[in-house]
Amino acid sequence: MLEELIQYDTNFFLYLNNLGTSTWDGFWMFVTNKKSSIPLYAVLLFFTYKQVGLKKTFLILVSVGILIGATDQLANFFKYGIARLRPCHNPDLDGLVRLVKSSCGGKYGYFSAHAANSFAVAVFFGNVLKDKFKYIKVLLLTWAAFVAYSRIYIGVHYTLDVTTGIVIGSFLGFVFYKLMQLMAAKLKL
């Protein structure tokens with residue numbers, strides 16, 4: 001059964017990855033680049049500060065820093081623990097993967113830290129700002145979905161890598177949001 005799931009995942013990845021065209025490569029490389037999200041983070045920080053003030057914003061920044069660190073380390077733990085080759089490193093897929101970027105990245109890919117981090121941040125800030133901005137959750141989750149899909153498009157993660165990253169990132173984003181709320185209440189912020 002596990003082999004069937006892996007084969008289905010491989011086939012689905014190849015289907016999605018090969019939908020790409022050179023016309024869209026630049027767009028998806030922009031989306032997948034971590035630095036492309038800096039303006040979004042700056043806007044989120046600004047809106048957070050305006051809504052909750054300096055002290056709580058500082059608590060939120062610390063929470064997000066720990067959240068991203070935890071998500072990254074958990075992704076690395078799984079990558080080296082599971083040791084599933086990235087599709088672009090898999091010799092069985094040589095010539096089948098459409099690798100858009102100049103290098104494949106690390107040897108292992110389960111699960112996608114990009115997907116996990118983007119969904120963790122989206123869920124966290126979506127909850128922080130939900131009372132002030134009606135559609136913020138939808139906008140942030142859409143952004144996170146684009147980032148997650150970009151990993152398949154450029155050829156560095158299987159769909160299961162990305163899906164697992166989405167689930168784990170969303171869960172951790174919610175847990176850290178709740179922990180931040182508890183800490184804010186304790187500190188009376």
Keeping to the range 98-120, report how many residues are touching a residue at least 60 places away in the same chain (Cβ under 8 Å) and more than 14 Å from CYS88 (Cβ to Cβ). 2
Just the residues that are in a helix (DSSP H, G or I), open to solvent by 30 Å² or more (accessible area, probe 1.4 Å) and not charged (D, E, K, R), please, taken from the range 101-150. HIS114, VAL138, LEU139, LEU141, THR142, TRP143, ALA145, PHE146, TYR149
Against the condition within 19 Å of the chain's Cα centre (by Cα), open to solvent by less than 20 Å² (accessible area, probe 1.4 Å) and hydrophobic (A, V, I, L, M, F, W, C), how does ALA184 come out, does it pass? no
Pick from the range 151-169 the residues that are closer than 22 Å to ILE82 by Cβ and of a type in the set (Ser, Thr, Tyr): which of them is most open to solvent (accessible area, probe 1.4 Å)? THR163
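Conditions (1) touching a Pro at 6+ places or on another chain (Cβ under 9 Å); (2) open to solvent by less than 80 Å² (accessible area, probe 1.4 Å); (3) assigned to a helix (DSSP H, G or I); (4) modelled with pLDDT of 95 or more, marked per residue:
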residue	(1), (2), (3), (4)
GLU3	no, no, yes, no
ILE6	no, yes, yes, no
THR10	yes, yes, yes, yes
LEU14	yes, yes, yes, yes
GLY20	no, yes, no, no
THR23	no, no, yes, yes
VAL31	no, yes, yes, yes
LEU45	no, yes, yes, no
GLN51	no, yes, yes, no
Just one of LEU85, LEU67 is touching a helix residue (DSSP H, G or I) at 6+ places or on another chain (Cβ under 6 Å) and in contact (Cβ under 8 Å) with a residue 24 or more places away in the chain; which is it? LEU67
Restrict the check to the range 157-170 and report whether at least one residue is more than 11 Å from the chain's Cα centre (by Cα), outside any helix (DSSP H, G or I) and modelled with pLDDT under 95. no
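The values are calculated or read from the model by the stated rules, or taken from the named source; none is laboratory data. Source: prediction; values computed, not measured. Methodologically, a virtual Cβ is constructed for each residue, glycine included, from the backbone with ideal geometry; neighbour enumeration extends over all protein chains shown. The area values use the complete protein model at the heavy-atom level, side chains included, leaving out ligands, DNA and RNA. Shrake-Rupley method; radii C 1.70, N 1.55, O 1.52, S 1.80 Å.
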